1. Please work out whether segment 32-120 counts as rounded, prolate or oblate from its C-alpha gyration tensor, where a ≥ b ≥ c are the square roots of the eigenvalues and a/c under 1.5 means rounded, while otherwise a/b larger than b/c means prolate and anything else oblate?
2. With angles folded into 0 to 90 degrees, how steeply does helix 131-144 sit against the dominant principal axis of the chain? Use alpha carbons for both and round to 10.
3. Run the numbers for GLU125 and GLU222: contour at 0.36 nm per residue of separation, minus the present Cα-Cα distance, in nm.
4. Running a GNM on the chain with Cα contacts under 10 Å, which residue among PRO154, PRO127, PRO71 ends up with the highest mean-square fluctuation?
5. Apply the a/c threshold of 1.5 to the C-alpha gyration tensor of segment 140-248 and tell me whether it is rounded, prolate or oblate.
6. Obtain the nm distance between the two label points defined at ALA170 and ILE193 by a simple spin-label model: each point lies 7 Å from its Cα along the Cα-to-C-beta direction.
7. Nearest 0.05, what FRET efficiency do LEU257 and GLU184 give at R0 = 25 Å with Cβ-Cβ as r?
8. What pairs from LYS218/LYS251; LYS198/LYS251; LYS144/LYS251 go past 19 Å between their alpha carbons?
Amino acid sequence: MPDASRSTDHRDYQRVPRVVTALARDAEHGVTAPAHNHERAQLLYATQGLMRVQTDGGVWILPPRRALWIPSGVTHHWTSVSKVTMRTIYVEAGAAKQFGDSCRVIEVSPLLRELILALLDEPIEYPIPGRGEHLAMLILSELKGAETVPIAIPWPRDRRLVAVCSAIMADPGSSRNIEQWADEVGASARTLIRLFPKETGLHYRQWVQQVHLAEAFKRLAEGQSVGEIAATLGYASPSAFSAMFRRILGKTPQHYLTEWRQPLTQHPA
C-alpha cells in the first residue's frame, strides 16, 4: 500500500532528490486547484474520474487512461468534473526536456499505469540503487514512447473571442453559427473568422470540433451512447459524429467505449 505518510501537497515533491516522484491525491466532484506551477514537469493523471485542466494557452478534458503532460513552469489549474483518484508523477526538469516544452495529452498504457502505481508503493526517497530507481527509469521509457492524442482546445486572448469560446464551452451543442456569435460580441463575422486561426491556430470549425471531441470523451467516460452524444452535440446522425471523430483521432468512439469497459488490473488506487 502507498505510504500513508505521503504528503498530498504538490510543493513537497518538487525538490525530492529523485528524478521521478509520485503523488497520490483524491478529490471530490467540483474541487478546483487554484492556478499554480511546478519546478518539475508533471504528468497529471487520474486512474478514475474526469478532470478539466486549463492553462493560458488551452483547455483539456482528461478521462481515465489519458493524462496531460505539463512542462515545468507552466501555470495551470484543474477542476474535478467527477470524483477523482489522482495518481500523478513529477519529473526533474532536466530529465523532462526530452519530452518537449508544450502541454499535450498522452495515452496512458496499462504498463505506464502500473508503473506509476508501483512507484507509489515505494518510499518517496526510494533507495538508489533499488526497485524505485528501476521503476522511475521504466516510467521515463514509457513516457518516451507514449502516443500523443490530438485533443486540445487552444485558448485565445482577444476578449471578443474569449467570450465566444467561453459560451461554446458552456454549451458545446449550440446551433449558433459564427454570424450569430459575431452579433452577440459586437464584432463582424469576418473579424472572428480572421481571429480564430490567429489566436488559436485553428479555424472556427476546427476549434468547435476540438470542443466536441473533448465533450465526447467526457460523455463516453460517463457511459453515454454514441447516439446520445451525437444528438447532444447537434450532429445529424451518429454516423456523422463518428466520421468526424475517426477523421481526427483515427479511431471510432466505439473503440474508446470498448476500451473503457475493459477492467483494469486490480491495484490499490
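Quick note: the coordinates plus some simple rules give every number you see, no bench work behind them. Just so we're clear, the structure is a prediction, and the values are computed from it rather than from any experiment. All Cβ positions, even for glycine, are placed from backbone atoms using ideal geometry, and neighbour counts span all protein chains on display.
1. Values: a/c = 1.64, a/b = 1.05, b/c = 1.56.
It comes out oblate by the Cα gyration axes.
2. The answer is roughly 20 degrees.
3. Values: separation 97, 0.36 × 97 = 34.92 nm, distance 3.68 nm.
Between GLU125 and GLU222, full extension yields 31.2 nm more.
4. PRO127
5. Values: a/c = 2.29, a/b = 1.32, b/c = 1.74.
Since a/c reaches 1.5 but b/c is at least a/b, the shape of segment 140-248 is classed as oblate.
6. Here the modelled spin labels are 2.7 nm apart.
7. Values: r = 35 Å, r/R0 = 1.41.
Efficiency at R0 = 25 Å is approximately 0.10.
8. Working: LYS218/LYS251 16 Å; LYS198/LYS251 29 Å; LYS144/LYS251 22 Å.
Distance filter (> 19 Å) returns LYS198/LYS251; LYS144/LYS251.
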